[in-house]
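The values are calculated or read from the model by the stated rules, or taken from the named source; none is laboratory data. As the structure is a computational prediction, the values presented were derived from the model and not from experiment. We place every Cβ from the backbone using ideal geometry, glycine too, and count neighbours over all the protein chains shown.
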């Protein structure tokens, strides 16, 4: 029950109309809009009512809060009207960090997106004939060159991510029929989505063969029946099975499919156009290698490894890709002009062999010597300006992330930061609270900032953030 003193405190609170008549609040209303200013005013008054009811404010505190209402209204409206999705600096060492948006786009991709997005475009308009065209042509021509095979033609279409590509292809090629998959390939991808569940939604029937660790080509052959519509190989991109293992080669599956006139589809997950073996990363198959082996349809990502925007790509035999494209689900899963613009610019960089212009590939390819040099420069600055911070250069191991190459890591350099005044978690929090949030990791009670995933242009921001922690 409200006490008399609380009733007196409630009476001190200004009416909303009275608050809005104040000169400062009227200026806020003109600046931010009337509706947002009113909402913030009501919200703050309600907060004060709640605190008074809880006996957590005395008269002096209420009067102080009332005097500060204009400033509080401005702060709250600014918070409401600021962007929630913000750029951050990735100092985790995970190159394709799913929670941080995976692959950053190249400058050329961003420029092309801006040019296309700010005006009308020929997304589905043929400039030569003046008639309606297809959006696939803008990147299909580039994929045709990048995936060129002497003995077969390859077509490609784009949807919004690889899970969508798998769903669409299965629905178009195997709805109502059986799809043969090895038990060792029934993977779970990010967000608890599982291949069997995606397959069920597609309308195809899963036919498991073999065991978790060993599946032979004979297991596939024994499962083929009248209802078999597809043989599916799923690349185990986010885990490894080692030891007593066996799986048939793609060539064996392709030969089996041809013998029984059943298409073979491979879900690669990641899309590798650049040979990562050159950077010391092994175990990730290249798209062209799968197609060269005779796989009829390949699905893969536009961001993971390829380094473009989030997208799902379907490449393969023109007649099968055309059938997939004609499926009604394609329209629901297709991407817009900005995706095509970013993907087109990324693919042009591949054709020009300008790999370092693609941020993800540049991070993969950067040399240890460069990382060491940057680490020394940053640590010198911080030790001079903030000697109370303990900053040490340590060897680190960066990973691709995004469910790619789980058994591979790249040697890197990191700054290991400690301060007696703060725990590692407190330092992490302060880094996240910077104007441009910095995301790092903790090892052995020290904050590690791995420079492989930090663009050189952000080194100054790292220095300023570390100096700010202790000053």
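If a residue has to be under 17 Å from residue 266 (Cβ atoms) and either outside the structural domain of residue 267 (by TED's automatic domain parsing) or in a strand (DSSP E or B) (or both) to count, how many in the range 213-234 make the cut?
Number of matching residues: 7.
Taking residue 99 as the residue in question, decide whether it is touching a strand residue (DSSP E or B) at 6+ places or on another chain (Cβ under 9 Å) and surrounded by fewer than 18 Cβ atoms within 10 Å (Cβ to Cβ).
For residue 99, the condition - touching a strand residue (DSSP E or B) at 6+ places or on another chain (Cβ under 9 Å) and surrounded by fewer than 18 Cβ atoms within 10 Å (Cβ to Cβ) - is met.
Determine, yes or no, whether residue 287 is touching a residue at least 60 places away in the same chain (Cβ under 8 Å), more than 30 Å from residue 338 (Cα to Cα) and under 21 Å from the mean Cα position of the chain (by Cα).
Criteria not met by residue 287.
Have a look at 142, 168, 146 and point out the one that is in contact with a helix residue (DSSP H, G or I) (Cβ under 9 Å, 6 or more places away or on another chain) and either over 21 Å from residue 288 (Cβ atoms) or crowded, with 21+ Cβ neighbours inside 10 Å (or both).
168
Please count how many residues of the range 410-461 are free of Cβ contacts under 8 Å to residues at least 60 places away in the same chain and within 22 Å of residue 373 (Cβ to Cβ).
Result for the range 410-461: 9.
State all residues of the range 254-289 that are crowded, with 24+ Cβ neighbours inside 10 Å and under 16 Å from residue 174 (Cβ atoms); if no residue qualifies, say none.
Residues satisfying the conditions are 264, 265, 266, 267.
Only one of 365, 292 is surrounded by fewer than 19 Cβ atoms within 10 Å (Cβ to Cβ), over 28 Å from residue 460 (Cα atoms) and touching a residue at least 24 places away in the same chain (Cβ under 8 Å). Can you tell me which?
Residue meeting the stated conditions: 292.
Do we find that residue 334 is in contact (Cβ under 8 Å) with a residue 40 or more places away in the chain, touching a strand residue (DSSP E or B) at 6+ places or on another chain (Cβ under 9 Å) and not assigned by TED's automatic domain parsing to the domain that holds residue 163 in this structure?
Against the criterion (in contact (Cβ under 8 Å) with a residue 40 or more places away in the chain, touching a strand residue (DSSP E or B) at 6+ places or on another chain (Cβ under 9 Å) and not assigned by TED's automatic domain parsing to the domain that holds residue 163), residue 334 does not qualify.
Within the range 112-126, can you find the residues that are touching a residue at least 40 places away in the same chain (Cβ under 8 Å) and either over 28 Å from residue 353 (Cα atoms) or surrounded by 14 or more Cβ atoms within 10 Å (Cβ to Cβ) (or both)?
112, 113, 116, 121, 123
From the list 89, 52, exactly one residue is in contact with a helix residue (DSSP H, G or I) (Cβ under 9 Å, 6 or more places away or on another chain), buried (at least 16 other Cβ atoms within 10 Å of the Cβ) and at pLDDT 95 or above. Which is it?
Result: 89 is the single residue among 89, 52 that is in contact with a helix residue (DSSP H, G or I) (Cβ under 9 Å, 6 or more places away or on another chain), buried (at least 16 other Cβ atoms within 10 Å of the Cβ) and at pLDDT 95 or above.
Which one of these does residue 313 not meet: (1) more than 23 Å from the chain's Cα centre (by Cα); (2) within 27 Å of residue 152 (Cα to Cα); (3) at pLDDT 85 or above; (4) surrounded by 17 or more Cβ atoms within 10 Å (Cβ to Cβ)?
Unmet for residue 313, out of (1) more than 23 Å from the chain's Cα centre (by Cα); (2) within 27 Å of residue 152 (Cα to Cα); (3) at pLDDT 85 or above; (4) surrounded by 17 or more Cβ atoms within 10 Å (Cβ to Cβ): (1).
Are there any helices (runs of 4 or more DSSP H) wholly within the range 1-46 with 3 or more residues that are in contact (Cβ under 8 Å) with a residue 24 or more places away in the chain and surrounded by 13 or more Cβ atoms within 10 Å (Cβ to Cβ), and if so which?
Details: elements: 4-12, 16-20, 23-32.
Passing ranges, in order: 4-12, 23-32.
Looking at the range 317-328, which of its residues are within 15 Å of residue 165 (Cα to Cα) and either modelled with pLDDT under 95 or exposed (fewer than 14 other Cβ atoms within 10 Å of the Cβ) (or both)?
322, 326, 328
Is there a residue being touching a helix residue (DSSP H, G or I) at 6+ places or on another chain (Cβ under 8 Å), under 16 Å from residue 93 (Cβ atoms) and crowded, with 18+ Cβ neighbours inside 10 Å anywhere in the range 379-395?
No, that holds for no residue.
What are the residues in the range 365-388 that are in a helix (DSSP H, G or I) and touching a strand residue (DSSP E or B) at 6+ places or on another chain (Cβ under 7 Å), if any?
Scanning the range 365-388 gives 368, 371, 372, 375, 376, 378, 379, 382, 383.
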